[in-house]
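So the structure is just underneath, and the comments pick up after that.
The values are calculated or read from the model by the stated rules, or taken from the named source; none is laboratory data. This one's a predicted model, so the numbers in the text were calculated from it and none came from an experiment. Counting neighbours? That spans all protein chains shown, and the Cβs are built from the backbone with ideal geometry, glycine included.
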Amino acid sequence: SNERRKSDLKERVVVLVALTLLVFLPIYNSAVACVGLFYIAVSIGSCEWLLGVYKSSAFQSLYLGKSNDKARHVCVVSFALIGLFIWLAPWFTNIMPWVLGPCPGHKLAMETIEVVLLVSDSAQLGCGRYLGGKTKFLPSISPKKTIEGYIGGFVITVLYACLIRGWAIRVAICVFC
């Protein structure tokens, strides 16, 4: 059990370092990288959607139920166009930073992600384990989340946001909640 915890911790640290270097730092430093990464994520999601639709029994029934090849081609093209629209719609809205320049609130948005995701989750995990949390909190969503971890994480996150990042306490509380 102790060996498993060590390997689990090692994997988590490797993932954290990789995400920080390959994702978080580039999008923190560049609005263009942020938009580009978002576009890549939407593109991958759209491809997954198209593959899921293609493999679905509803699509197969619709496709195979058509009486001739022309009707089948119309079916395929219509589903492809729906996927293309889903794929291109975010692209048109997210090309604006390249046209208009970076968003002035980009750094604050990335800082908010840092505070909410990195600090909050880490603080909740640490407090829950350190305080020996027994009272489960939303077990259907997160089976290991405890009230003790949530409250401790809340306090640490608000302190971090106020003392390290200079946020007003009401802003920190609103962002966390």
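If a residue counts only when it is at pLDDT 70 or above and touching a His at 6+ places or on another chain (Cβ under 7 Å), which helices (runs of 4 or more DSSP H) contained entirely in the range 1-115 have at least 2 such residues?
It comes to 31-55.
The test for being in a helix (DSSP H, G or I), in contact with a helix residue (DSSP H, G or I) (Cβ under 6 Å, 6 or more places away or on another chain) and not β-branched (V, I, T) does not hold for C174.
Of the residues making up the range 128-155, those that are within 28 Å of R170 (Cβ to Cβ) and either in a strand (DSSP E or B) or among the charged types (D, E, K, R) (or both) are K145, T146, E148. Scanning the range 142-159 for any residue that is of a type in the set (A, V, I, L, M, F, W, C) and modelled with pLDDT under 85 turns up nothing.
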